[in-house]
1. Please pick out the residue among 96, 78 that is touching a residue at least 40 places away in the same chain (Cβ under 8 Å), part of a helix (DSSP H, G or I) and surrounded by fewer than 17 Cβ atoms within 10 Å (Cβ to Cβ).
2. Just to verify a result, which residue in region 63-72, among those that are part of a helix (DSSP H, G or I) and without any contact (Cβ under 8 Å) to a residue 40 or more places away in the chain, is surrounded by the fewest Cβ atoms within 10 Å (Cβ to Cβ)?
3. State whether the residues of region 13-21 include one that is in a helix (DSSP H, G or I), free of Cβ contacts under 8 Å to residues at least 60 places away in the same chain and crowded, with 19+ Cβ neighbours inside 10 Å.
4. Tally the residues that are surrounded by 12 or more Cβ atoms within 10 Å (Cβ to Cβ) and under 30 Å from residue 4 (Cβ atoms), restricting the search to region 129-158.
5. With the requirement that a residue be surrounded by 15 or more Cβ atoms within 10 Å (Cβ to Cβ) and either under 19 Å from the mean Cα position of the chain (by Cα) or modelled with pLDDT under 95 (or both), what does region 41-53 give you?
6. Examine region 130-142 for a residue that is part of a helix (DSSP H, G or I), at pLDDT 95 or above and either touching a helix residue (DSSP H, G or I) at 6+ places or on another chain (Cβ under 7 Å) or under 21 Å from residue 9 (Cβ atoms) (or both), and state whether such a residue exists.
7. Being closer than 12 Å to residue 78 by Cβ, touching a helix residue (DSSP H, G or I) at 6+ places or on another chain (Cβ under 7 Å) and free of Cβ contacts under 8 Å to residues at least 24 places away in the same chain is the filter here; which residues of region 36-51 pass it?
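The values are calculated or read from the model by the stated rules, or taken from the named source; none is laboratory data. As the structure is a computational prediction, the values presented were derived from the model and not from experiment. Please note: Cβ atoms are built from the backbone with ideal geometry, for glycine as well, and neighbour counts cover all protein chains shown.
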């Protein structure tokens, strides 16, 4: 019975890590193509773009900064998402191979990306982004979803040690 449960726990952990690895990879890619399109490095009719650059420009624009500031912030977001994606892929590989550092790798991935949502929520307050309906609730929902995933993963690691 314990063997079946531990197998299920490993599969659930791998599924969660795969989901977040794919999520952050796709978001990073669509934001990167959005940035390339904004820089006129992709054709105007290129369709796989997030549309987030224009949103960042509007949010940051309430204080009247140049487009450079929006680009700077957007590049930071893309970098953060990219690091998160890489960390989740590493955590998934560690989980599948059952390496000794698999717990630390998973915690590191979740720590970095949960920090991203926290930064977005704080930025929403700094830039008064609540004037854009639904934006703050999206970040809160993603934060809660990721915290729920982390708690489930942590509990499954604790059960494994018991």
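1. 96
2. Selected residue: 68.
3. Among the residues of region 13-21, not one is in a helix (DSSP H, G or I), free of Cβ contacts under 8 Å to residues at least 60 places away in the same chain and crowded, with 19+ Cβ neighbours inside 10 Å, which makes the answer no.
4. 10
5. The first filter runs over region 41-53 and keeps only residues surrounded by 15 or more Cβ atoms within 10 Å (Cβ to Cβ), leaving 42, 49-50, 52-53.
Of everything in region 41-53, those that are surrounded by 15 or more Cβ atoms within 10 Å (Cβ to Cβ) and either under 19 Å from the mean Cα position of the chain (by Cα) or modelled with pLDDT under 95 (or both) turn out to be 49, 50, 52, 53.
6. Checked against the condition, which is being part of a helix (DSSP H, G or I), at pLDDT 95 or above and either touching a helix residue (DSSP H, G or I) at 6+ places or on another chain (Cβ under 7 Å) or under 21 Å from residue 9 (Cβ atoms) (or both), region 130-142 yields at least one hit.
7. Within region 36-51, just 50 meets the criteria.
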